1. Which residues, counting only those in region 18-39, are open to solvent by less than 30 Å² (accessible area, probe 1.4 Å) and not in a loop (DSSP other than H, G, I, E, B)?
2. Looking at LEU111, is it part of a loop (DSSP other than H, G, I, E, B) and surrounded by 13 or more Cβ atoms within 10 Å (Cβ to Cβ)?
3. I'm trying to understand the selection: among the residues of region 53-67, which are closer than 25 Å to VAL135 by Cβ, assigned to a helix (DSSP H, G or I) and not aliphatic (A, V, I, L, M)?
4. PHE15 is checked against (1) open to solvent by 30 Å² or more (accessible area, probe 1.4 Å); (2) farther than 24 Å from GLU109 by Cα; (3) more than 16 Å from the chain's Cα centre (by Cα); (4) among the aromatic types (Phe, Trp, Tyr) and fails just one. What number does that condition carry?
5. Please verify whether LYS50 is among the basic types (Lys, Arg), part of a helix (DSSP H, G or I) and farther than 30 Å from SER20 by Cα, treating the condition exactly as stated.
6. Being farther than 22 Å from GLU78 by Cα and in contact with a helix residue (DSSP H, G or I) (Cβ under 8 Å, 6 or more places away or on another chain) is the filter here; which residues of region 103-120 pass it?
7. In region 117-164, what residues are closer than 22 Å to LEU103 by Cβ and open to solvent by less than 20 Å² (accessible area, probe 1.4 Å)?
Amino acid sequence: MVAKTALELKNFNLFLDLLSKATGRVVCVDIDNTLADINSLLKKLGYSIKKYPAKLPAGFWETHTGIKLLQEAQPIPETIAVINLLRDAGAEVVFATARSPELNKITAEWLTAHRLEGEVFYVHSKTLVEADVYVEDSPQEIRRILKLGSKVLVPEWPYNHIIHRNIISYRIGRGF
């Protein structure tokens, strides 16, 4: 089980407003590097995480190393706290990932192991989920979501410092 953590939110008032209007809203949570800390494991393997996406060999996620990394990734406690706050406020949480649908068993097992429940969408763009709020780390996805006028909660990584009135960023406890 993930320990509770204090959230260091930027744009706190926007987050409070979001919580007050959460009932009946759909929140779409990205998995890799938003919910599952893939970056820390990539860094341990010698890959740079300063730019997104990390430069990996072709087919990396289908290799034994790639699959093991997906299975062993730890949840990001601050994202768990965000999810719990939004659920407690009445939002429905779903998950979305750009992972291949062929990795659905590994993904489902990881979510279950970490007591995370919700439908999973395998999509190349999170905007296809049509949620009210998104939790996302990818700069490209964040920009797509902002074009919709939606709010985005962003776990801070070295590659995604985007300033916008609809972004609520939060610090995560991992070192870069």
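The values are calculated or read from the model by the stated rules, or taken from the named source; none is laboratory data. Since the structure is predicted, the reported quantities are computational estimates derived from the model, not experimental observations. A quick note on method: Cβ atoms are made from the backbone with ideal geometry, for glycine too, and the neighbour counts reach across all protein chains shown. Just the protein is used for accessible areas: all its heavy atoms, side chains included, with ligands, DNA and RNA removed. Shrake-Rupley method; radii C 1.70, N 1.55, O 1.52, S 1.80 Å.
1. The answer is LEU18, VAL27, CYS28, VAL29, ASP30, ALA36, ASP37, ILE38, ASN39.
2. Criteria not met by LEU111.
3. Correct list: PHE60, TRP61, GLY66.
4. (1)
5. no
6. LEU103, ILE106, listed by residue number.
7. Within region 117-164, SER125, LYS126, ALA131, TYR134, VAL135, GLU136, ASP137, SER138, GLU141, PRO155, TRP157 qualify.
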